[in-house]
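The structure appears below as structure tokens.
Please treat every number below as a calculation from the coordinates, not as lab data. If you're wondering where the values come from, they're calculated on a predicted model, not measured in any experiment. Positions of Cβ are generated from backbone atoms using ideal geometry, with glycine treated the same way; all protein chains shown enter the neighbour counts.
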Amino acid sequence: YGDPSQKIDYVFKLVLIGDSGVGKSQILSRYARNEFSMDSKATIGVEFQTRTLVMDHKSVKAQIWDTAGQERYRAVTSAYYRGAVGAMLVYDVTRRQTFDHIPRWLEELRGHADKNIVIILIGNKSDLEDQRAISMEDAKEFAEKEGLFFLETSALNAVNVETAFSTVLTEIF
Ligand code: GTP
Ligand code: MG
């Protein structure tokens, strides 16, 4: 995942948002360290991880911020969004409520982030097909209406996690 000694041409801040338990921290862990944990603990406050990649002969450091979905553990909202150029808006494909809350997350995001922020809607846990509660069509339609990118991912099986980040980073770059 990149040579740490190389010089960095760009640093891009990305933020993960969505309800508690949708898999934000595991998506990040999969992307930054290629690791996954089934007994992931709820995030308290803010954490971040980075991954350095090369895009078009430039080295890009993605600095990805992760906060608690639970209100009581969340940090100061304005600081979290400050300087962010990309956002991953995550719901759990097996829990309808997490999808129903997406408009609220979007409202918070649009209220605090830069107006040009690149946003991707992510339906995580696509590996749990037999428990699916949100169809891909419904999510896609919502994303199109709101002008968001959209993908379903599985942090567990490492499906589309790379693609989700590269979609956002390519659009920013
Ligand atoms: P908060 O920190 O409370 O906001 O939650 P979070 O969104 O960070 O959720 P987290 O990454 O901690 O994951 C919650 C639970 O879902 C954990 O038990 C994970 O192992 C599980 N999980 C995350 N991603 C996947 C996935 O792609 N598939 C399956 N089957 N489980 C997943
Ligand atoms: Mg978390």
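When you take every Cα atom in the chain, what is the radius of gyration, and what is Dmax, the widest Cα pair distance, in Å?
In order Rg, Dmax, the Cα atoms of the chain give 15.2, 46 Å.
Could you work out how far the C-alpha centroid of segment 113-132 sits from that of segment 37-73, in angstrom?
Segment 113-132 and segment 37-73 have Cα centres spaced 15 Å from each other.
If the viscosity is 1.306 mPa s and the temperature 10 °C, what translational diffusion coefficient in µm²/s does Stokes-Einstein give for segment 105-173 when Rh comes from Kirkwood over Cα pairs?
Values: Rh = 13.1 Å.
Rounded, D is 122 µm²/s.
Only bridges whose two residues both fall in the chain count here: according to DSSP, what percent of them are antiparallel, nearest 5?
Details: 11 of 35 bridges.
Close to 30 percent.
For segment 44-173, what is the charge dipole size about the Cα centre, in debye to the nearest 20, if Lys and Arg each add +1 at the Cβ and Asp and Glu each add -1 at the Cβ? Intermediate results must be reported in sequence, preceding the final value.
Details: 15 positive and 20 negative charges, 103 e Å.
Dipole about the Cα centre, nearest 20: 500 debye.
Can you tell me how much longer the chain between residue 33 and residue 171 gets when fully stretched, taken as 0.36 nm per residue apart minus their C-alpha distance, in nm with one decimal?
Details: separation 138, 0.36 × 138 = 49.68 nm, distance 2.28 nm.
Full-extension gain reported as 47.4 nm.
Angle, helix 136-146 long axis vs. longest principal axis of the chain, Cα atoms, 0 to 90°, nearest 10?
The two axes meet at around 60 degrees.
Over 27 Å between C-alpha atoms is what I'm after, so list which of 115/145; 41/145; 61/115; 24/61; 58/145; 61/140 land there. All intermediate terms of the calculation are to be shown ahead of the outcome.
Numbers: 115/145 17 Å; 41/145 34 Å; 61/115 22 Å; 24/61 19 Å; 58/145 33 Å; 61/140 29 Å.
From the list (115/145; 41/145; 61/115; 24/61; 58/145; 61/140), the Cα-Cα distance tops 27 Å for 41/145; 58/145; 61/140.
Identify which of 73, 31, 91 has the largest mean-square fluctuation in a Gaussian network model of the chain, with springs joining Cα atoms closer than 10 Å.
73
Report the charge-dipole magnitude of segment 99-173 in Debye, nearest 20, computed about the Cα centre from +1 at each Lys and Arg Cβ and -1 at each Asp and Glu Cβ. Don't jump to the answer; show the numbers that get you there.
Details: 7 positive and 15 negative charges, 45 e Å.
Dipole of segment 99-173, to the nearest 20 debye: 220 debye.
Give me 146, 152 ranked fewest to most by other Cβ atoms within 10 Å of their Cβ, as a rough exposure proxy.
Numbers: 146 15, 152 20.
The most exposed by this proxy come first: 146, 152.
For residue 78 and residue 129, what is the calculated FRET efficiency with R₀ set at 41 Å and r taken between the beta-carbons, to the nearest 0.05? Don't skip to the answer; put the middle values down first.
Details: r = 38 Å, r/R0 = 0.94.
E(calc), rounded to 0.05, equals 0.60.
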